[in-house]
Structures are given as structure tokens and as C-alpha cells.
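Q: Questions regarding the structure given below will be posed in turn.
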There are 2 protein chains.
Amino acid sequence: MKKIEVIQNVLEANEAIARRNRELLEKHGILGINVMSGPGAGKTSLILQTIAGLRDRLNVAVIEGDVASTVDAEKVQDEARAVVQINTRNMPESCSLTAAMIESALKELPLDEVDLVLIENIGNLICPSEFALGEHRRVVISSLPEGDDKTAKYPLIFVDADVVIVNKIDLLPYLDFDLAAFREAVRGLNSEALVLQLSCKTGQGVEEWRSWVLEQASLNRSGR
Amino acid sequence: MKKIEVIQNVLEANEAIARRNRELLEKHGILGINVMSGPGAGKTSLILQTIAGLRDRLNVAVIEGDVASTVDAEKVQDEARAVVQINTRNMPESCSLTAAMIESALKELPLDEVDLVLIENIGNLICPSEFALGEHRRVVISSLPEGDDKTAKYPLIFVDADVVIVNKIDLLPYLDFDLAAFREAVRGLNSEALVLQLSCKTGQGVEEWRSWVLEQASLNRSGR
């Protein structure tokens, strides 16, 4: 099973680089958050809402992962302190960011001027759960239109999440989504995760997310 | 670059198995359709709508790909002539079905009693574009809530599609989705693809999809 061995080696090498990334972030007092979801669930919108509300309190840099385009980086570039685009199309891993990609991106950022790095991962609920990036916190966005069965179908990505965001809550009247069942299913996989319901479009519930981010940044600075 | 070589070998081996799968389907006069989309865009709903409308005219078998659950197979099992579940969680490729998985699944199906095999791929817009399964036609579902920029971000999956379905069209009044721009972007990547707007929930537009399926099944039987 040669291929499986190669994958094992790739994941071990990734872990080592992820540890270095994390040390580099910590040396500069930076909090790193890995933002993950399927396509179109609202990663970029959450990042924009985060920056909009915290601009006066945190200097935010963004690392934008995308298979092929610069669409998201363009949306973010006027808002963030700095943005680095990573395109994975021709890389050995195209379905997730990896620690090596983040290591390259961190070299492009003015780390002394940054408090928070938001990493927008590739739109995918499978591959990103395998690759640590060196982040301190992991956020998974599950949007209402995707349905309330995502925990059953993509369990791994929820298991290690610090926050699970239920986005597009403004669409609740038009969809069949059982919020209680979804929360219960998240709890079954991961009893520690904070579950937040919000709408990046209307802003409903976003303040609670921003408070969590501020709190984590403060914990990070005090070394916890 | 050992890893890249291994990936190359994996893809070549996959192509060979895909050709065998296709020959096996053709020997039995079966049309195979690969149904792809991101998580929660409506693959299972499209399959259920297809069977519901064509049950009297085609015997439909379903191969259900899923990382970890049997949620979709359970929804389909009372409707289809036969269902095989594939769980990819512990396989070397967990983010896409592969031709080898389909080869195993076809052994479980009563091929002499089937006209159409619908293959529900893993919910992912990246990996499935790399793996031919032996299908005759490829369908990509892009649902309105995912946004109209999916062609820019995941171009490869659209390039080889025979049909691009814009699902959840019933949500149009509540979303910012530029249908004309989306159609134009699909055309830019793939001028041959048929683009269909429909709602698997309300049934709007589904008849046109069913007609296309019937036509393809008839072309397939006549060897074209």
C-alpha cells in the first residue's frame, strides 16, 4: 500500500510545519483562526463581518485559499491590514490548504503589525479536516440551505472545531432545517464546540462571534 | 516529487478501471450518470425527483457515495430498483468516488434489470473532477445559496459537465444571485453544457431534466 504510506508521510511532514507556523504566530502575539466550510457557506462574508466590527481593536490579516480564482481576496483587500492569496489548482493538494502553503504566506505578511490572521480554507468539508495549518482555533461554517444532516455526512471536520457557525439564519422561514437537531448532533460529535447562529448578510448574531474572537485574541496574548 | 508520481499512477489506473466500468454498463445497455455538487446542493433530491418521474419508463439503480453516513441511501432505498452504499471514510481517496469503488458497486447491482445507474458522488466541487468513474454523462449541481461565483472558484468541475443544474430556484427572491452572469460564466468554461434551472423541492423545472435523461437513455440504447 505504497500510496497510503506516502499520504502518512505527507501528513507527518505537515504537522511539523504546522508547529513551526504556530510558533511563529506566537512569537508575534498573533492569533490564527482557520475558517472552514463547504462552497458558498459564507467564509468570506464572515471574514468581512469580522474585520468590519473589529477594525478599531485588532489589526487583521487574511490568507485566502482558493482553487483557482482571486475573487475572495479582491473582496477582502480593501478591508484587511494585509491579504495573501493562495491558489491550489496546480499543487499536489488542491482540495485543502496545507501548513507549507501557510508557511509561505506568513512570509508575505507584516507580522509585527498584525494581531489576528484569518485563514480562509478551500471550500470543502473533507480534506481541510486532515491538514493542521498552525492555527490556534478552528471554525466550521454550516449554512442553513445545506441542510441539517452535514454532521452525519462530514463528521471529522466538526470533531475538532472550536466554533460551529450556523450561517444564513435569515433564510430559516424558507427552509426545512431543524436547528435543535443540528445542535444536538454537533454536541454528539464535539461537546466543547460553541454553536453560534447568525447571518453574515443581515448582521444578526454577528456581535456574539466578534466577542468570541476578541476574547480569544486576549487569551492568546496572555499566553493561554 | 515522489508524491506527484504516485498521484499520476493513481489517476492512470483509475482511467483503466473507468473504461472497464463503461464497457460493462454498455454490455447491459445501461446509461451511467455521475451526479456531482458541493455539500447540500441537492444531489439526493435530484435523484429522488428523477426516479419519481421516470419509474414507469426506466429501471433506476443508485450508487450512493458518502464519506461516513448512510443517510442518503436510506432516503433512496424504497424508491430505486437497487441501491449500493459506498463509504469513503477509511479509503485512500475520501473526497471523491473512484472507478475502483464503482467497479465494486456494480458487482452488487442486478445489471440485467437496470436501465439507468445514477451515481451520487461525494459532496465536493474539487476532487470528483479528477476521477472518471466510467459514466456516460456528468451533471454538476450548483445551488442558488452557494452564490453565482462557483464557476470562477471551481472551474474544472464545470469544464466536463454535460448538464449544469441551477437548483433551489425557489429561493431566488431571497438571494442575490445573477442568473444571467452565472449562465454566461458556464458558457465561458463549457459552451456545450446544457444549463437547467429547477427546484427539486417544488418540482419547478424538473420535467425538462427528466426529458433530457430519457433522451440520453434512448441515445445510449441506440449506441450513440
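Q: How about the stretch A:146-165: which of its residues are assigned to a strand (DSSP E or B) and surrounded by 24 or more Cβ atoms within 10 Å (Cβ to Cβ)?
A: Listed by number, the residues that qualify are A:VAL164, A:ILE165.
Q: Also: Go through the stretch B:190-214 and give me each residue that's part of a helix (DSSP H, G or I) and more than 21 Å from B:PRO145 (Cα to Cα).
A: B:GLU207, B:GLU208, B:ARG210, B:SER211, B:TRP212, B:VAL213, B:LEU214
Q: In this structure, does A:ALA217 turn out to be surrounded by fewer than 20 Cβ atoms within 10 Å (Cβ to Cβ) and either part of a helix (DSSP H, G or I) or modelled with pLDDT of 95 or more (or both)?
A: Here the answer is no, as A:ALA217 does not meet what is asked.
Q: I'd like the residue in the stretch B:92-110 that is in a helix (DSSP H, G or I) and under 17 Å from the mean Cα position of the chain (by Cα) and, out of all such residues, is nearest to B:ILE157 (Cα to Cα).
A: B:ALA99
Q: Here's a follow-up. Within 12 Å of chain B (Cβ to nearest Cβ), at pLDDT 95 or above and over 18 Å from the mean Cα position of the chain (by Cα): which single residue out of A:PRO155, A:PRO173 fits that description?
A: Of the residues listed, the single one that is within 12 Å of chain B (Cβ to nearest Cβ), at pLDDT 95 or above and over 18 Å from the mean Cα position of the chain (by Cα) is A:PRO173.
Q: Out of the helices (runs of 4 or more DSSP H) lying entirely within the stretch B:1-90, which hold 2 or more residues that are out of contact with any Cys (no Cβ under 8 Å at 6 or more places or on another chain) and closer than 25 Å to B:CYS200 by Cβ?
A: Output list reads B:43-54, B:71-76.
Q: Would you pick out the residues in the stretch A:45-66 that are within 23 Å of A:ILE126 (Cα to Cα) and buried (at least 24 other Cβ atoms within 10 Å of the Cβ)?
A: Result: A:ILE47, A:VAL62, A:ILE63, A:GLU64, A:GLY65.
Q: Which condition number in (1) over 30 Å from B:LEU11 (Cβ atoms); (2) within 14 Å of chain B (Cβ to nearest Cβ); (3) of a type outside the set (Gly, Ala, Ser) is the one that A:ARG89 fails?
A: So A:ARG89 meets the others, but not (1).
Q: While we're looking at this one, here's another question. Which count do you get for residues in the stretch A:89-112 that are more than 26 Å from A:HIS28 (Cα to Cα) and surrounded by 21 or more Cβ atoms within 10 Å (Cβ to Cβ)?
A: Selection size over the stretch A:89-112: 1.
Conditions (1) touching a residue at least 60 places away in the same chain (Cβ under 8 Å); (2) within 11 Å of chain B (Cβ to nearest Cβ); (3) within 28 Å of A:ALA185 (Cβ to Cβ); (4) surrounded by fewer than 20 Cβ atoms within 10 Å (Cβ to Cβ), marked per residue:
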{"residue": "A:VAL83", "(1), (2), (3), (4)": "no, no, no, no"}
{"residue": "A:LEU116", "(1), (2), (3), (4)": "yes, no, no, no"}
{"residue": "A:LEU144", "(1), (2), (3), (4)": "no, yes, yes, no"}
{"residue": "A:ILE169", "(1), (2), (3), (4)": "no, no, yes, no"}
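Q: Is there a residue in the stretch B:159-167 that is closer than 30 Å to A:THR202 by Cβ, within 11 Å of chain A (Cβ to nearest Cβ) and touching a Cys at 6+ places or on another chain (Cβ under 8 Å)?
A: yes
Q: May I pose another question? Only one of B:GLY65, B:GLY38 is within 11 Å of chain A (Cβ to nearest Cβ), touching a Gly at 6+ places or on another chain (Cβ under 8 Å) and of a type outside the set (S, T, N, Q); which?
A: Criteria check complete, one pass: B:GLY38.
Q: Does any residue in the stretch B:202-219 that is in contact (Cβ under 8 Å) with a residue 40 or more places away in the chain come within less than 9 Å, Cβ to Cβ, of a residue that is of a type in the set (Ser, Thr, Tyr) six or more places away or on a different chain, and which pairs are these?
A: Listed by first residue and then by second, the contacts come to B:VAL206/B:THR50; B:VAL206/B:SER199; B:TRP209/B:THR50; B:ARG210/B:THR50; B:VAL213/B:THR50.
Q: Taking the condition of being within 18 Å of B:SER37 (Cβ to Cβ) and not hydroxyl-bearing (Ser, Thr, Tyr), how many residues in the stretch B:86-97 meet it?
A: So the count comes out to 4.
Q: Turning to a different aspect of this structure: Out of the stretch A:171-188, which residues are surrounded by 17 or more Cβ atoms within 10 Å (Cβ to Cβ) and outside any helix (DSSP H, G or I)?
A: A:LEU175, A:PHE177
Q: A:SER142 fails exactly one of the following numbered conditions: (1) polar (S, T, N, Q); (2) in a strand (DSSP E or B); (3) more than 19 Å from A:PRO128 (Cβ to Cβ). What is the number of that condition?
A: Only one criterion is unmet by A:SER142, namely (3).
Q: On to the next question. Filter the stretch B:1-28 for residues that are at pLDDT 90 or above and closer than 23 Å to A:CYS95 by Cα; which is nearest to the other protein chains (Cβ to nearest Cβ)?
A: The qualifying residue nearest to the other protein chains (Cβ to nearest Cβ) is B:ALA13.
Q: Let me ask another. Please state which of the following conditions B:ARG138 fails to meet, knowing it meets all the rest: (1) crowded, with 22+ Cβ neighbours inside 10 Å; (2) more than 14 Å from chain A (Cβ to nearest Cβ); (3) in contact with a helix residue (DSSP H, G or I) (Cβ under 8 Å, 6 or more places away or on another chain); (4) not polar (S, T, N, Q).
A: Checking B:ARG138 against (1) crowded, with 22+ Cβ neighbours inside 10 Å; (2) more than 14 Å from chain A (Cβ to nearest Cβ); (3) in contact with a helix residue (DSSP H, G or I) (Cβ under 8 Å, 6 or more places away or on another chain); (4) not polar (S, T, N, Q), the one that fails is (3).
Q: For B:ALA132, indicate whether it is outside any helix (DSSP H, G or I), farther than 30 Å from A:GLU64 by Cβ and in contact with a strand residue (DSSP E or B) (Cβ under 9 Å, 6 or more places away or on another chain).
A: yes
Q: Here's another thing I want to ask about it. Consider A:SER69 against the criteria (1) of a type in the set (Gly, Ala, Ser); (2) within 22 Å of B:ASP148 (Cβ to Cβ); (3) within 15 Å of the chain's Cα centre (by Cα): it satisfies all of them except one. Which criterion is unmet?
A: Every listed condition holds for A:SER69 apart from (3).
Q: Here's a follow-up. For the stretch B:208-224, which residues satisfy the criterion of being closer than 14 Å to B:LEU194 by Cα and in contact with a helix residue (DSSP H, G or I) (Cβ under 9 Å, 6 or more places away or on another chain)?
A: Of everything in the stretch B:208-224, those that are closer than 14 Å to B:LEU194 by Cα and in contact with a helix residue (DSSP H, G or I) (Cβ under 9 Å, 6 or more places away or on another chain) turn out to be B:TRP209, B:ARG210, B:VAL213.
The values are calculated or read from the model by the stated rules, or taken from the named source; none is laboratory data. Source: prediction; values computed, not measured. So basically every Cβ, Gly included, is an ideal-geometry build from the backbone, and we count neighbours across all protein chains shown.
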